[in-house]
Amino acid sequence: MAAEDSGTSDRAAGPPLPRVLCDTAELAARGGDTPAGALWKLAEPGRQLDANVVRLPAEGRVDTHTEPDLDVLLLVLDGEASLLCTDGERPLRAGILTWLPHSSTRAVRAGADGVTYLTVHRRRPGMRIQSPQAADRLRRPVDDTGDRG
């Protein structure tokens, strides 16, 4: 992608710098010629967010699911889709920004020409190996003050 910024990874250690990651208009313009799935993923080291540009083919679907932990923003970049929720169906088209709160049940069904969309959410923490003592502290009951005994 022409808009991608190579960054300054060879500079002296310091805080990360803002940079251009991709051109979503270019990704969306590929339309039906693009294979289904993730077209782009945020992969910056040390990031606090996850983001993906996803392409669903005509009448493609993300099956019904519930995300228990993370709020998700979904921005339609190209095409049309339906957001299927427990309280009904919402039409989505290019430019529509949707909040998918954690614990909500939803599915996405692409329209006749498919859909390309961006999702952004907080990054899930990786699994960590801890000492047995640390695991024991997590298993202790919490008292009325919120302290672990």
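The values are calculated or read from the model by the stated rules, or taken from the named source; none is laboratory data. Quick caveat: nothing in here was measured; it's all calculated off a predicted structure. Please note that ligands, DNA and RNA were not included when accessible areas were found on the heavy atoms of the full protein model with its side chains. Shrake-Rupley method; radii C 1.70, N 1.55, O 1.52, S 1.80 Å.
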Measure off, as a whole percent, the carbon and sulfur share of the 1.4 Å-probe accessible area of the stretch 26-94, all protein chains present.
50
Probe 1.4 Å, protein heavy atoms only - accessible area per residue of the stretch 41-115 in square angstrom
56
